[in-house]
1. Hey, can you tell me all the residues within region 88-108 that are open to solvent by 90 Å² or more (accessible area, probe 1.4 Å) and within 11 Å of the ligand (Cβ to nearest atom)?
2. Condition first: of a type in the set (K, R) and touching a Phe, Trp or Tyr at 6+ places or on another chain (Cβ under 7 Å). Can you find one or more residues in region 62-70 that meet it?
3. All but one of (1) under 23 Å from Q41 (Cβ atoms); (2) in contact with a Phe, Trp or Tyr (Cβ under 8 Å, 6 or more places away or on another chain); (3) open to solvent by 20 Å² or more (accessible area, probe 1.4 Å) hold for R85; state the number of the condition that does not hold.
4. Identify, by number, the condition in (1) touching a helix residue (DSSP H, G or I) at 6+ places or on another chain (Cβ under 7 Å); (2) open to solvent by 30 Å² or more (accessible area, probe 1.4 Å); (3) within 16 Å of the ligand (Cβ to nearest atom) that V60 doesn't meet.
5. What number of residues within region 10-40 satisfy the criterion of being under 15 Å from the mean Cα position of the chain (by Cα), surrounded by 17 or more Cβ atoms within 10 Å (Cβ to Cβ) and over 19 Å from G84 (Cβ atoms)?
6. Output the residues belonging to region 30-82 that are polar (S, T, N, Q) and closer than 21 Å to V126 by Cα.
7. Restricting the search to region 109-158, which residues are open to solvent by less than 60 Å² (accessible area, probe 1.4 Å), within 16 Å of the ligand (Cβ to nearest atom), in a helix (DSSP H, G or I) and out of contact with any strand residue (DSSP E or B) (no Cβ under 7 Å at 6 or more places or on another chain)?
8. Only one of Q71, Q105 is part of a helix (DSSP H, G or I) and either without any contact (Cβ under 8 Å) to a residue 12 or more places away in the chain or farther than 14 Å from S6 by Cα (or both); which?
Amino acid sequence: MICYISLGSNLDYPIVQLQTALDAFNSDSKIILLHTSAFYQSKALTLSNTPPQNDYINAVAKVGTTLSAEQLLKKLNEIEASQGRERNEKWGARTLDLDILLYGQLQIQTENLVIPHSQMKYRNFVIHPLFEIAGDINIPGLGELKSLSEKMNWDGLHKIETPLIR
Ligand code: ROI
């Protein structure tokens, strides 16, 4: 299945966190990394009345996988855990956040998973990187990505030059 995964980090060298996660996708025999967006710097989206957070680095990856959506979620949670993610407060700062945006053209709603990701249409740090690598896709329930991206603001978001680390 072709899947799109969002990556985000705002702690402990975010660029390295994202690069390490991308390497982890590739070293799983059931996942192949097909395409990666540029890395983007974005102002933290926070709940009101919570302390300010560092900017995030965000990106979107396109992968092919033979894992089911549930298995892929488990794998992403393992990668997050191995990179020191602690599940603390909702919407808190994080070393690594991996979300399944799309799993083929399937719409999935289980206890653990909502696909397409329920918040993606509101988030410029998801829509713009996704559009960069998947300009012509249709998002089940939401329509053409192109028209979502045309309507989406760029507030607090910009593409960065990614230094090659390692
Ligand atoms: N804000 C930005 N800019 N990028 C994220 O990836 C991100 N992830 C989160 C919350 C805390 C909602 N804010 C974010 O989980």
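The values are calculated or read from the model by the stated rules, or taken from the named source; none is laboratory data. Quick caveat: nothing in here was measured; it's all calculated off a predicted structure. Reconstructed Cβ throughout: ideal geometry from the backbone, glycine too, with neighbour counts over all protein chains shown. Calculation scope for accessible area: heavy atoms of the full protein, side chains included, ligands and nucleic acids excluded. Shrake-Rupley method; radii C 1.70, N 1.55, O 1.52, S 1.80 Å.
1. If we filter region 88-108 for residues that are open to solvent by 90 Å² or more (accessible area, probe 1.4 Å), which is where we start, we get 89-90, 105, 107.
If the condition is that a residue be open to solvent by 90 Å² or more (accessible area, probe 1.4 Å) and within 11 Å of the ligand (Cβ to nearest atom), then E89, K90 are the ones that fit.
2. yes
3. In the conditions (1) under 23 Å from Q41 (Cβ atoms); (2) in contact with a Phe, Trp or Tyr (Cβ under 8 Å, 6 or more places away or on another chain); (3) open to solvent by 20 Å² or more (accessible area, probe 1.4 Å), R85 misses (2) alone.
4. Exception for V60: condition (2).
5. Residues flagged as under 15 Å from the mean Cα position of the chain (by Cα), surrounded by 17 or more Cβ atoms within 10 Å (Cβ to Cβ) and over 19 Å from G84 (Cβ atoms) within region 10-40 amount to 5.
6. Listed by number, the residues that qualify are T36, S37, Q41, S42, T46, S48, Q53, N54, N58, T65, N77.
7. Listed by number, the list holds a single entry, I127.
8. Working: Q105 fails: part of a helix (DSSP H, G or I).
It is Q71.
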